[in-house]
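A short write-up of the structure that comes next.
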Amino acid sequence: MNLTALLTFLAAVAFAVSPLLSSGFNGFTPDQFPVPQNDPPVQPEGYAFSIWGIIYLWLIIGAGFGLLRRPRAPGWETARPMLFLSLVAGAFWIPLAQVSVFWATVLIFVMLLAALAALYRAGVEDRWLLREPIGLYAGWLTAASSVSVGLMLAGFGVTGPTTAAIISLGLALLIAISVLSLRRDSFAYAFGVIWALTGVIASNLDPFNILVAGQAGLGVLCVLILALRNESQRQ
């Protein structure tokens, strides 16, 4: 049995179980910031976080398949170290987020960078069990890490909430376009970003914030067009 494959599978399980071992996480509380963040425009609507169930399950299935059927496949082995790092960091993220917004933001960027490295290194085989689970995870992290930046900017009084949201959405879009230009065979990555952005649109409909909702909508359009173009070129 390949130790790296086993550790990656165990990390995926630990990551999925981590919310059950704490009180869970429904977003940073307003009193965690010097400037309380009540209903910040940068944060997606609550329903959007349901995607974590799919992410957890898909990562476990993928890592389990890799452990049993692809223990030493080169395309899997190159992705595993960075994926392991991201998942282990993720297992500690919720407890940290409950006590420190700053360090939780730092850690989520560690998770993101490691997940993107794993996605970039993943082989071309077993798309739906290797690249796409990592892609969906990295796509959501792209948006979530950028949201954390927006919350930090507004919560520490650097900018107002709308300006912070615009900056963070711009960051998310910049990362997403870069990733989709380098790794053109993961539609799930694009879906993860789009799902988060639609959640931001929903959270800014009532009251209607045209600047944030409009930028999120533009982001959805750009990411979708790029993802569909990538898919068409693969045919």
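Place a +1 charge on the Cβ of each Lys and Arg in the chain and a -1 charge on the Cβ of each Asp and Glu, then give the dipole magnitude about the Cα centre in debye, rounded to the nearest 20.
800
What distance in nm separates the simple spin-label points at Arg229 and Asn2, each placed 7 Å from Cα in the Cβ direction?
If labels sit at Arg229 and Asn2, their model points lie 3.4 nm apart.
If you work out Cα extents along the principal axes in Å from the coordinates, which of (1) 52, 42, 25; (2) 62, 43, 29; (3) 66, 53, 47 do you get?
It is the one labelled (1).
Based on the Kirkwood radius over alpha-carbon pairs, what is the Stokes-Einstein translational diffusion coefficient of the range 58-117 at 25 °C with 0.890 mPa s viscosity, in µm²/s?
Roughly 197 µm²/s, to the nearest whole number.
Using just the helices of the chain, give the 222 nm mean residue ellipticity in deg cm²/dmol: DSSP H runs with n ≥ 4 each add -39,500 (n - 2.57), and the total is spread over all residues, rounded to 500.
Roughly -23000 deg cm²/dmol at 222 nm, from the helical runs in the chain.
Given N residues in the range 35-155, what is Rg(Cα) / (2.2 N^0.38 Å)?
The reported ratio for this selection is 1.13.
Rounded to the nearest 0.05, what FRET efficiency do Arg184 and Leu221 give with R0 = 25 Å and r taken as the Cβ-Cβ distance? Could you check?
E between Arg184 and Leu221, to the nearest 0.05, is 0.85.
Between the helical axis of 210-234 and the dominant principal axis of the chain, each derived from Cα atoms, what acute angle in degrees is found, rounded to the nearest 10?
20
Using alpha carbons only, how many degrees (0 to 90, rounded to 10) separate the axis of helix 161-182 from the longest principal axis of the chain?
The angle comes out near 20 degrees.
Cα axis of helix 80-91 to longest principal axis of the chain: angle in degrees, 0 to 90, nearest 10?
That helix lies at roughly 40 degrees to the long axis.
Values quoted throughout were computed directly from the atomic coordinates according to the rules given, and no laboratory measurement underlies them. These numbers were taken from a predicted model, which means no experiment stands behind them. Positions of Cβ are backbone-derived with ideal geometry, glycine not excepted, and every protein chain shown enters the neighbour counts.
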